[in-house]
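J.: Have a look at this one before I ask anything.
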Amino acid sequence: MKFTPKSDKELNEDRLLPVGEYDFTISKGQDTVSKKGNEMIELLIRVFKPDGTFILVTDYLMESMLYKVSHAAQACGLADKYNAGNLLGDDFEGKSGRLKLGIQVDKEGNYPDRNVVKDYIVDKDHATSLKAQAPVSKVSALADLDDEIPF
């Protein structure tokens, strides 16, 4: 096998992007469950380098980090589904936008550094779509309930 040798630094540069903002496209979205048994969405994301090539990053959306779920939904044009309180992994497939990328360092030194999604960037058009909806009042929410007592 013939190849061009690279230093560890060069190899890291090939697979890690510096902290910053990047364009992305979601290749796959999947509904799954965390190790603690919580529902979550696993996203396989193509994060594009300035030269047009990309790296793959996996991100997890969970209710415990609802701000990130909200921003991901808004950045992907899924504000209506977010407002309805029901998002599926499939909803994200093929969606594009911008995100903030970070680097996670393994403090134990067992694993190589890896890129992680810190947050999704919401453009002004998507940001207004969540704010434009009036909040549901408690009175109107109670009116939707069936008033027949089951016992």
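Residue-wise test of (1) in contact with a Cys (Cβ under 9 Å, 6 or more places away or on another chain); (2) hydrophobic (A, V, I, L, M, F, W, C); (3) surrounded by 12 or more Cβ atoms within 10 Å (Cβ to Cβ).
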residue	(1), (2), (3)
ASN12	no, no, yes
LYS28	no, no, yes
GLY37	no, no, no
MET40	no, yes, yes
ARG46	no, no, yes
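J.: Which count do you get for residues in segment 1-42 that are among the basic types (Lys, Arg) and within 18 Å of MET65 (Cβ to Cβ)?
T.: Going through segment 1-42 one residue at a time, the tally reaches 2.
J.: Tell me which residues, restricted to segment 28-72, are of a type in the set (S, T, N, Q) and under 24 Å from ALA84 (Cα atoms).
T.: GLN30, THR32, SER34, ASN38, SER64, SER70
J.: I've got another one for you. Exactly one of (1) touching a helix residue (DSSP H, G or I) at 6+ places or on another chain (Cβ under 6 Å); (2) closer than 20 Å to LYS124 by Cβ; (3) assigned to a strand (DSSP E or B) is unmet by ALA73. Its number?
T.: Unmet condition: (3).
J.: Just to be sure I understand, how many residues within segment 40-50 are closer than 14 Å to LEU99 by Cβ and not aromatic (Phe, Trp, Tyr)?
T.: We begin by selecting, within segment 40-50, every residue closer than 14 Å to LEU99 by Cβ; these are 43-49.
Imposing the further condition that a residue be not aromatic (Phe, Trp, Tyr) reduces the set to 43-47, 49.
The qualifying residues number 6.
J.: Among the residues of segment 26-39, write down those that are in contact with a strand residue (DSSP E or B) (Cβ under 9 Å, 6 or more places away or on another chain) and either assigned to a loop (DSSP other than H, G, I, E, B) or within 19 Å of GLY102 (Cβ to Cβ) (or both).
T.: ILE26, SER34, ASN38
J.: Hey, another quick one. Looking at GLY97, is it farther than 15 Å from ILE45 by Cβ and either touching a strand residue (DSSP E or B) at 6+ places or on another chain (Cβ under 9 Å) or of a type in the set (A, V, I, L, M, F, W, C) (or both)?
T.: No, not satisfied.
J.: Right, here's the next one. Just to be sure before I move on: is PHE92 surrounded by 12 or more Cβ atoms within 10 Å (Cβ to Cβ), under 16 Å from ILE121 (Cα atoms), within 10 Å of the chain's Cα centre (by Cα) and in contact (Cβ under 8 Å) with a residue 40 or more places away in the chain in the structure I sent?
T.: Here the answer is yes, as PHE92 does meet what is asked.
J.: Does ASP31 count as farther than 19 Å from VAL116 by Cβ and modelled with pLDDT under 95?
T.: Details: farther than 19 Å from VAL116 by Cβ: yes; modelled with pLDDT under 95: no.
Answer is no for this residue.
J.: For ALA73, state whether it is farther than 15 Å from ASP23 by Cβ, in contact with a Phe, Trp or Tyr (Cβ under 6 Å, 6 or more places away or on another chain), surrounded by 14 or more Cβ atoms within 10 Å (Cβ to Cβ) and in contact (Cβ under 8 Å) with a residue 12 or more places away in the chain.
T.: Yes; evaluated as a whole, the condition is true for this residue.
The values are calculated or read from the model by the stated rules, or taken from the named source; none is laboratory data. Worth saying up front: this structure is predicted, and the values here are computed from it rather than measured. Backbone-built Cβ (ideal geometry, glycine too); neighbour counts: all protein chains shown.
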